1. Please compute the contact order of the chain in relative form: average sequence separation of alpha-carbon pairs under 8 Å and at least six residues apart, divided by the residue count, as a percent.
2. How much net charge surrounds Met1 when only the other residues with a Cβ under 12 Å from the Cβ of Met1 are counted, with Lys and Arg +1 and Asp and Glu -1?
3. How much length would be gained if the chain were fully extended between Ala152 and Asp20, taking 0.36 nm per residue of separation minus their Cα-Cα distance, in nm to one decimal?
4. If I model a spin label as a point 7 Å beyond the Cα along the Cα-Cβ vector, how far apart are those points for Glu36 and Ser127 in nm?
5. All other residues with a Cβ under 14 Å from the Cβ of Val148 taken together, and with Lys, Arg as +1 and Asp, Glu as -1, what is their net charge?
6. Residue-wise, which Karplus ³J(HN,Hα) couplings in Hz belong to region 142-158, taking 6.51 cos²θ - 1.76 cosθ + 1.60, θ = phi - 60°, and x for glycine or proline?
7. GNM, the chain, Cα, under 10 Å: largest mean-square fluctuation among Met91, Met99, Met38?
8. Which residues' amide hydrogens lie under 5 Å from the amide hydrogen of Glu120, considering only partners 5 or more residues apart or on another chain, with H built in the peptide plane?
Amino acid sequence: MFDYARKRKWIDRNPVKELDSIPDNPPDQTFRTTDEVMELLQSGDLSPDERKNVVKHRIYTLDEVEEILDLIWSRAETVFVCRKGDMAMLMELCARTGMRRGEVVKLQRLNVQLNVEKGEGDVTARSKKQSRSVAETSRYIPLPPNTVNRLAVWLKGCKNQLLFGKDGES
């Protein structure tokens with residue numbers, strides 16, 4: 001198509017000709033569990049670059065996610081963003097809902113619905129993507145019961161409409 005346009009002098013050059021070709025042997029991007037990563041690293045058959053790539057594409061099991069979140073919450077007293085537990089709550093919402101960091105930091109009180117007695121809740125996440133024709137989209141995300149309880153307690157200390165940051169910032 002670009003060659004066709006160039007021959008007709010609609011464009012000066014074919015921009016595709018300047019792109020790097022796809023390598024014949026792209027790096028391995030297989031996602032692996034911690035056990036699989038450890039097995040590969042202990043084999044000793046990997047170059048330093050391959051070792052780095054294997055670790056980079058590690059996925060966490062649900063048990064590992066639980067351990068990480070428990071560790072973050074246990075240190076919430078000392079790890080401050082704006083107030084106690086901000087970082088822990090941000091990480092909890094990302095890990096348990098699949099929300100993107102940008103969606104979490106844009107959350108407002110009006111985006112959160114909780115029914116603590118039933119252990120039910122949801123958030124409405126807003127996001128903008130440059131590739132979308134719509135300026136902003138939103139999606140409904142249910143919350144697991146343990147996140148509902150933690151969020152309810154954490155919200156008691158939140159005085160702003162914007163959950164992570166000061167009102168007027170986003």
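1. 15
2. Spelling it out: positives minus negatives among the neighbours equals +2.
3. 42.4 nm
4. For the pair Glu36/Ser127, the computed spacing is 2.4 nm.
5. My count for the surroundings of Val148 gives 0.
6. x, 10, x, x, 5, 6, 4, 5, 5, 5, 4, 5, 5, 5, 4, x, 9
7. In the Gaussian network model the winner is Met38.
8. Asn115
The values are calculated or read from the model by the stated rules, or taken from the named source; none is laboratory data. Note that the structure is a prediction, hence the values are computed from the model and not measured. Glycine gets a Cβ as well: all are built from the backbone with ideal geometry, and neighbour counts include every protein chain shown. Areas reflect the complete protein model, heavy atoms only, side chains present, ligands, DNA and RNA absent. Shrake-Rupley method; radii C 1.70, N 1.55, O 1.52, S 1.80 Å.
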